[in-house]
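Worksheet for the structure shown next.
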Amino acid sequence: MSEKGCMKCGSNDAAKKDVAMTGTGLSKMFDVQNNQFTVVYCKQCG
């Protein structure tokens, strides 16, 4: 598998950030952030 970089600008400079988001139903009503995600983004173009 080859490394291609960012689909938008072609840069290979990336970073990651962990975020938490609410779900639906009771967790949304009580603002319980039980869904954890890791976001990978390009440092050059975002």
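If I ask for residues that are modelled with pLDDT of 80 or more and of a type in the set (Val, Ile, Thr), which ones from the stretch 23-46 would you list?
Thr38, Val39, Val40
Cβ-Cβ below 6 Å, separation at least six or inter-chain, first residue in the stretch 8-22 and at pLDDT 85 or above, second surrounded by 10 or more Cβ atoms within 10 Å (Cβ to Cβ) and small (Gly, Ala, Ser): which pairs?
Ser11/Gly5; Asn12/Gly5
The values are calculated or read from the model by the stated rules, or taken from the named source; none is laboratory data. Just so it is clear, the model here is predicted, and its values are computed rather than measured. Cβ coordinates were reconstructed from backbone atoms using ideal geometry, including for glycine residues, and neighbour counts include every protein chain displayed.
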